[in-house]
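Notes for the one structure printed next.
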Amino acid sequence: MSVATPPVSARGAETRPPVRVVAFDPFVSAERYRELGVEKAATESLINGGTEVEYGVRMRPGDVITSVTTLAGYSEREGRLGLMLFTTSEDTWTNQRGETVKTSRNTLIRY
């Protein structure tokens with residue numbers, strides 16, 4: 001798991017206020033989360049809530065692909081087994097010309 005830094009403007013200032021980070025990797029210990037300065041979510045189970053993929057321009061031999069993953073959203077819902085936390089991340093691939101090659105949205109459900 002990597003911890004992302006906030007985007008920085010051309011003048012070196014953060015472009016958005018810092019946010020509280022709650023980690024969602026079930027295979028990382030609570031101690032490791034403390035070392036990273038994030039909280040481990042108070043859930044025990046994790047399931048795949050689905051993936052959506054949208055394709056843009058075709059990749060060509062020689063293209064340099066950059067992948068950027070961002071947190072697209074959090075939401076909570078009460079379920080049959082208790083509170084569920086939905087985490088959606090968005091991964092965008094672009095080529096060296098800045099054209100979007102692929103965008104995928106992944107949802108993880110923790111309960």
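The values are calculated or read from the model by the stated rules, or taken from the named source; none is laboratory data. If you're wondering where the values come from, they're calculated on a predicted model, not measured in any experiment. Don't worry about glycine lacking a Cβ; one is built from the backbone with ideal geometry, like all the others, and counts go over all protein chains shown.
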Test of understanding: among GLU31, GLU76, which residue is exposed (fewer than 11 other Cβ atoms within 10 Å of the Cβ), at pLDDT 65 or above and in a strand (DSSP E or B)?
GLU76
Among (1) at pLDDT 85 or above; (2) in a strand (DSSP E or B), the one test that ARG58 misses:
(2)
All but one of (1) over 13 Å from the mean Cα position of the chain (by Cα); (2) surrounded by 13 or more Cβ atoms within 10 Å (Cβ to Cβ); (3) at pLDDT 85 or above hold for SER89; state the number of the condition that does not hold.
(1)
Kindly list the number of the only condition in (1) surrounded by 10 or more Cβ atoms within 10 Å (Cβ to Cβ); (2) without any contact (Cβ under 8 Å) to a residue 12 or more places away in the chain that fails for GLY62.
(1)
